[in-house]
1. Take the residues in the range 46-72 that are polar (S, T, N, Q) and over 23 Å from Asn93 (Cα atoms); name whichever of them is nearest to the chain's Cα centre (by Cα).
2. Looking at (1) modelled with pLDDT of 85 or more; (2) surrounded by 13 or more Cβ atoms within 10 Å (Cβ to Cβ); (3) out of contact with any Asp or Glu (no Cβ under 7 Å at 6 or more places or on another chain), which is the only condition Ile367 fails?
3. Residues in the range 145-193 that are over 17 Å from Thr214 (Cβ atoms) and in a strand (DSSP E or B): how many?
4. Could you list, in sequence order, the residues of the range 194-209 that are at pLDDT 75 or above and in a loop (DSSP other than H, G, I, E, B)?
5. Identify, from the list Gly399, Gly332, the residue that is buried (at least 16 other Cβ atoms within 10 Å of the Cβ) and either touching a His at 6+ places or on another chain (Cβ under 8 Å) or at pLDDT 75 or above (or both).
6. Restricting to the range 283-318, give me the number of residues that are in a loop (DSSP other than H, G, I, E, B) and either closer than 21 Å to Asn62 by Cα or free of Cβ contacts under 8 Å to residues at least 12 places away in the same chain (or both).
7. Inside the range 374-428, counting only strands (runs of 3 or more DSSP E) that do not spill past its ends, which hold 2 or more residues that are closer than 19 Å to Gly320 by Cβ?
8. Report, ordered by the first and then the second residue, all pairs with beta carbons closer than 9 Å, sequence separation of six or more or different chains, a first member in the range 63-79 that is assigned by TED's automatic domain parsing to the domain that holds Gln117 and among the aliphatic types (A, V, I, L, M), and a second member that is surrounded by fewer than 16 Cβ atoms within 10 Å (Cβ to Cβ) and not in a loop (DSSP other than H, G, I, E, B).
Amino acid sequence: MKLPLLTMLLLCHAAFAQWSPVKTFDATSHIQSITDFDFLNEQKGFLISYNNSKSTFYRTTNGGIIWDSTTTVDGFFRSVVMVTDSIIYAAGNVDINLGTPNAYQSKQIYRSLNAGQTWTQHEIFNTLGLLDRNCMVFTNDSTGFVSCYAGMYQTNDYGTSWTLLNTTSGQFPVHLGSEIATFYNNDVYLTNTSSLASQTNTLDCYGIGGVGFTSSYGDTLIRTNNCNDGWGNTLRALTISELGGSTTVLHFLDEGISDVALNASGIFAVSQRPLRSMDGGQSFFRQECTLPSDSLLFFTRIEFIDNDIAYALAINQDSGIIKLLKTTNAGGITTSYVTQPLQNVGGIDDNANNPIQISPNPSSSGIFDVSGIQEGNATLLVFNELGQIVHQAALVANGKQSLDLSNQAPGVYFAHVKQGELQWVRKLVVR
């Protein structure tokens, strides 16, 4: 009997459709939190670890197995980019004073021209706001762009000096053909890499803004942003756009996307586990890990270095331990297809069976109401994106309790509720 080609491909790849652990950052590791990482190739990469108001830059030359400290600097650094084997940039925020109007005033770029052996500091500007993850993009060795709510800055001298191009550009710069695309609310800004001219609203953008994650490949862009369903409910949309064309909504979802990626191998959306589409976003299938002990891993980052090889960060929701994982075939192919809504992919965050209600979400004040425990008591742990526990409390049945994260920085958090053998996860956003 001859099998259809697609079935044969699925069977051939099923055994390899997994992510394998490379490094575990447990209590014995000198790296306890990771704000960002970047790999130039399969062997060489950098990461940033943050602790006690200081950031340490680490380097690996053996694929992430061993990480060596290169320097420690003051401030909260959330973005690192390897432009070449020797040229590395890190962007961050100094003069941190959480909970005050002047938090994150000084924006800094650190640059290394010798593979991280030495670093030089370059202040870009002083303003309110935050240099966030994925705030930098480089078009060649010497030319790069940094984007935030204050505007877009550009360098053409290896980061020694930075020029303000405009004050209307948004966040999360990505290559889009010959343009740099950035996002602010429901506007998409395009800055030409040659003329440096800027255009606004040249791409359709569904929703009310709040772009969280973006990725691009050639002239194609994917992103997540907030949408209103017309009934007062705010959902997140995963959309795809062509440069100069229209926008298509691939999926609406309540919550659960922590990163996206786009390349020749397909569309990837991280919702607990990496989800992959090979048909332009019409359907997604769920990818797995090689070790059964990793069943509680909650993926937070995915970074491709080519169309097949990618690294990912994941947090164990029981222990808070961070793991670095790797795939050499884009995570492979499985038959675990996911249907809408996208976030209902099983595991510990199956929202179809998740009784925990947390509102408002997002919260501009950092204060949430938690309810949903029907009987008995439960334990609440809140993790930040670094895997650190920032809040813990006991939950009681048949009541509404306040969760106060007002002293935490704006960003994404994970509320982990455990009751006996049952456990649920909700993603929280503090604005």
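1. Only one residue fits best here, namely Thr60.
2. Condition (3) is where Ile367 drops out.
3. Result for the range 145-193: 9.
4. Matches in the range 194-209: Ser194, Ser195, Leu196, Ala197.
5. Gly332
6. Residues meeting the conditions: 6.
7. Passing ranges, in order: 377-384, 389-396, 411-419.
8. Qualifying pairs under 9 Å: Val73/Lys54; Val73/Gln121.
The values are calculated or read from the model by the stated rules, or taken from the named source; none is laboratory data. Here the structure is a predicted model, which is why all the values come from computation and not from measurement. Cβ sites come from the backbone with ideal geometry, for glycine too, and all protein chains shown count toward neighbours.
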